Amino acid sequence: MVTVSSTAQVPALPEEVFAFLDTPANHERISPSIASVHDVERLPEGGHRAGYTYRLFGVPLRGTVEAVVHDPPRRLGFVLRGGIDGEMDWRLREVDGGTRVTCEATFTVPGGPLATLFDPVVRVYNERELDETLARLRDGLEAT
């Protein structure tokens, strides 16, 4: 299991950031490795469930993502199942007229026990992915 975390400040209020992150198509825009988000279904308690295709080192992995924490405008939590199993926890806190966004992601590397040999490589890959995702989030919110 690999856990990575990153924090960034974005120039928007938590309500705007939350609404952006609560829109499935935006994850496709900001995450470098999400190739597609599809079959989106709104959940009665808030959030959504959707199918996704993720590219890990160029290999397409398909699965589902479901909101399990939906606490506007402070927190969004997702569970991923399928090609990649894991959790993503987005926390938002207002600071200086903007929002401090922290995302922690925990993934199980596909491939069984031998896959743990690749954990260090996957950790570096996902740290870069998460940093890029937060940079794209910031850029996307600056543009709106």
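The values are calculated or read from the model by the stated rules, or taken from the named source; none is laboratory data. All values reported here derive from a predicted model rather than from experimental measurement. Reconstructed Cβ throughout: ideal geometry from the backbone, glycine too, with neighbour counts over all protein chains shown. The accessibility values were calculated without ligands, DNA or RNA, using every heavy atom of the protein model including side chains. Shrake-Rupley method; radii C 1.70, N 1.55, O 1.52, S 1.80 Å.
Report the residue count in the stretch 103-116 for those that are open to solvent by 40 Å² or more (accessible area, probe 1.4 Å) and assigned to a strand (DSSP E or B).
2
Just name the residue that is farthest from the chain's Cα centre (by Cα) out of those in the stretch 73-92 that are of a type in the set (A, V, I, L, M, F, W, C) and under 15 Å from Asp22 (Cβ atoms).
Within the stretch 73-92, the subset of a type in the set (A, V, I, L, M, F, W, C) is 76, 78-80, 84, 88, 90, 92.
Right, trim to under 15 Å from Asp22 (Cβ atoms) and you get 76, 78, 88, 90, 92.
Working: Leu76: 9, Phe78: 8, Met88: 6, Trp90: 8, Leu92: 13 Å.
In this case the residue turns out to be Leu92.
When you go through Leu56, Leu76 one by one, which is the residue that is over 20 Å from Val2 (Cβ atoms) and in contact (Cβ under 8 Å) with a residue 24 or more places away in the chain? Break it down stepwise before answering.
Details: Leu56 fails: over 20 Å from Val2 (Cβ atoms).
One residue alone meets the criteria, Leu76.
Which of (1) hydrophobic (A, V, I, L, M, F, W, C); (2) touching a strand residue (DSSP E or B) at 6+ places or on another chain (Cβ under 7 Å); (3) more than 18 Å from Arg138 (Cβ to Cβ) is the odd one out, the single condition Leu56 does not satisfy?
(2)
Could you check Ala135 against (1) farther than 25 Å from Arg49 by Cβ; (2) part of a strand (DSSP E or B) and say which number it fails?
The single condition Ala135 does not satisfy is (2).
Just to verify a result, which residue in the stretch 117-128, among those that are under 16 Å from the mean Cα position of the chain (by Cα) and touching a residue at least 12 places away in the same chain (Cβ under 8 Å), is surrounded by the most Cβ atoms within 10 Å (Cβ to Cβ)?
Asn126
Where in the stretch 1-97 are there strands (runs of 3 or more DSSP E), lying fully within it, with 2 or more residues that are open to solvent by less than 30 Å² (accessible area, probe 1.4 Å) and within 19 Å of Ala135 (Cα to Cα)? Let's see the steps before the verdict.
Values: elements: 2-10, 34-42, 48-56, 59-71, 75-82, 85-95.
In the stretch 1-97, the matching strands (runs of 3 or more DSSP E) lie at 2-10, 85-95.
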